[in-house]
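Structure, as structure tokens:
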Amino acid sequence: MAPADPSSDQWNELPLPGIISHFNISKKTGKLTIDSTAASRDLLFVDGELRATRSNSEREKLGSWLVSQKILSEARKQGALLIQEGSDAPPLGHMLVARGVISTEDLEHHLERLAVTILERATAEGHHRCIFEEGLPDGQLDTLPNLSTPQLILIASRALPGKDCQRQALGGLEQLVTRNGPLDAIVQAFSLTVPESVFLGKLHRSQTLARLKEISALGDDVFYPTAYSLKVAGLISFSSRPQRQASVQVPTQATLPSKPEGPGFTKLRPDTERSEALRLSANLKSMNHYDFLGIKPQDSYQEIFDAWDTLRQRFDPSRSTEDHLSDLESQLRSICEHAKEAYGVLSSPVDRPRYDRMLRTAVETGHANRSSTVPGTSTALRARESLVRENLRQIDRLVRTGDMFTAIRLLEQVCDLDPQPAHLVKLAKLMLVNPKWASRALEKLRRAVEIDPTFVDGWLTVAEYWRSQKNKERERKALEQALAAFPGHAETATLYRALVGGQELSRFLDRVQKSTRSGS
């Protein structure tokens with residue numbers, strides 16, 4: 001039970017996710033300071049919502065974070081901090097945006113990642129003292145606008161070390177567990193891990209923690225931390241078995257769900273199971289995710305979970321000890337891996353619509369099951385490659401006719417299907433025609449050079465953008481990346497020489513050559 005007094009020493013004995021959950025439920029506004037041997041960190045709450053985190057550790061400040069993420073050099077960070085020493089200087093992030101070092105969108109992304117990292121470290125390190133101060137001054141920066149407090153509690157809970165404190169916080173195994181809402185609604189609202197999905201998917205109705213542990217087939221190291229995370233995030237509720245009220249029905253063996261669960265799933269006839277295992281393993285790459293799991297595109301998230309859960313148990317590699325599956329261990333393992341991948345896509349509110357769109361596009365253009373004579377290539381892969389080629393031809397036609405908006409939309413679909421650096425750079429170039437899309441274009445370029453850091457055309461396009469913005473420093477860095485990838489590239493050398501002079505070009509190429517020799 002949480003202490004009533006927010007300043008009570010009893011807070012020091014509770015895991016951090018439990019404290020955050022209490023403040024969320026009681027709608028507290030104020031600052032929670034968590035002191036550990038490594039750092040002192042603040043969590044800022046507004047009406048119970050966790051809206052920002054701060055730390056006195058140098059490595060958890062924005063400047064150091066941006067250096068660690070390769071956004072800033074150490075020298076540039078120090079220079080910015082020197083400028084910032086004046087009392088009326090703007091915050092570092094605002095200064096970097098104003099100078100074109102980082103876009104507003106990217107700054108918000110890094111502030112959120114830093115805030116989450118501070119929360120995870122505060123949880124993982126434990127705490128020696130917690131102090132809560134009521135109230136906050138006006139104008140506090142919200143660095144977590146895209147994450148709900150229950151989602152942040154889940155994230156923090158996953159960082160909690162060990163399982164003993166979670167198991168102790170849960171209480172006895174005879175408690176009844178209830179899911180707080182339909183699985184479909186929870187999946188739409190939260191980003192869940194696979195064990196969390198398994199736990200929630202098994203809760204068709206209230207049942208004891210002991211029974212849930214049995215049918216989920218999760219080991220102790222996973223089960224107890226998962227149950228604790230879902231409990232403090234408010235996704236499940238615990239209640240005691242009623243003992244005195246005879247009118248309240250307790251689930252018994254007779255009232256348990258009739259559908260197969262956990263280790264008790266219904267097995268097929270041995271010859272049928274063997275045939276099904278051979279069929280699925282032979283068609284892994286030629287079946288779409290819905291067909292593989294044996295479900296329909298309109299099925300709910302609960303139905304998707306149930307189909308995956310049955311498949312993963314029916315074809316668990318451990319069943320290769322049974323006579324009819326004794327020579328199919330590798331096939332069983334492939335089936336389970338592919339089923340997990342399918343479930344990961346179809347259980348995601350972000351990935352599932354994108355996957356559905358891809359399937360519809362393939363059908364509409366007649367490429368869903370086109371055959372090919374290329375050996376060793378699956379039907380689905382050939383269909384995707386053919387669809388990409390056809391879409392690229394259509395994009396070129398749209399560009400020639402001046403329909404840039406449709407071309408961009410279609411090219412975004414191509415990049416979803418086949419995120420090749422060349423496609424991403426082409427998309428970025430089309431987006432840069434409209435200055436309002438510059439930040440989106442830069443994101444595509446960043447993704448292209450992350451996929452292939454030696455992709456010269458990507459770096460040249462980055463340099464071209466910064467040249468249009470008259471930012472010589474960032475243009476120079478992009479050209480240096482291109483030269484490092486391909487020192488003999490004539491166009492890059494010409495552009496670099498025009499920017500900094502022939503002498504600097506020679507010096508840089510010498511450094512690249514020395515670095516290459518020392519690396520080999």
What are the ³J(HN,Hα) couplings of the range 426-432, residue after residue, when phi is run through the Karplus curve with 6.51, -1.76, 1.60 and θ = phi - 60°? Round to Hz, x for glycine and proline.
4, 4, 4, 5, 5, 5, 5
Distance from a point 7 Å along Cα→Cβ of Ile131 to each backbone N in the range 30-57: keep the residues under 18 Å and list them by number.
30-45, 54-57
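Taking the highest mean first, how do the peptides 92-98, 24-30 order by number of other beta carbon atoms within 10 angstrom per residue? Provide the component values of the computation, followed by the final result.
Numbers: 92-98: 16.9, 24-30: 15.3.
Per-residue Cβ counts within 10 Å, averaged per peptide and sorted highest first, yield 92-98, 24-30.
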Relative contact order for the range 270-348: what percent, with Cα pairs under 8 Å and sequence separation of 6 or more?
39 percent
Simple SL model, points at 7 angstrom along Cα→Cβ for Ile451 and Ser300; separation in nm is 3.8 nm
Starting from the Cα of Lys202, draw a straight line to each of the lysines and keep only those under 19 Å, dropping any in the same chain fewer than 8 residues away.
Lys213, Lys231, Lys259, Lys267, Lys340
If you take the beta carbon distance between Arg167 and Arg497 as r and set R0 to 56 Å, what does 1/(1 + (r/R0)^6) give as a FRET efficiency, to the nearest 0.05?
0.25
Answer rounded, prolate or oblate for the range 448-519, using the Cα gyration tensor with square roots of eigenvalues a ≥ b ≥ c: rounded when a/c is under 1.5, else prolate when a/b is larger than b/c, else oblate.
oblate
What's the FRET efficiency of Asp220 with Glu174 using the Cβ-Cβ distance as r and R₀ = 22 Å, to the nearest 0.05?
0.85
Holding the Cα-Cα limit at 25 Å, pick out from Lys61/Lys472; Lys436/Lys470; Lys77/Lys426; Lys296/Lys444 the pairs that are longer than that.
Lys61/Lys472; Lys77/Lys426; Lys296/Lys444
What is the spin-label model distance, in nm, from Glu276 to Asp510 if the labels are put 7 Å beyond Cα along the C-beta direction?
7.1 nm
Between Arg474 and Ala38, what's the calculated FRET efficiency when r is the beta-carbon distance and R0 is 30 Å? Round to 0.05.
0.30
Name the shape class, rounded, prolate or oblate, that the alpha-carbon gyration tensor gives for the range 132-238, where a ≥ b ≥ c are the square roots of its eigenvalues, rounded holds for a/c under 1.5, and otherwise prolate holds if a/b is larger than b/c and oblate otherwise.
prolate
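Taking the mean number of other Cβ atoms within 10 Å as a proxy for protection, how do you rank 227-238, 390-401 from highest to lowest?
The peptides rank, most packed first, as 227-238, 390-401.
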Computed label-point distance, nm, for sites Ala438 and Arg99 using a 7 Å Cα→Cβ extension:
1.7 nm
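Coordinate-derived values only; no laboratory data. As the structure is a prediction and not an experimental result, all values here were calculated from the model. Positions of Cβ are generated from backbone atoms using ideal geometry, with glycine treated the same way; all protein chains shown enter the neighbour counts.
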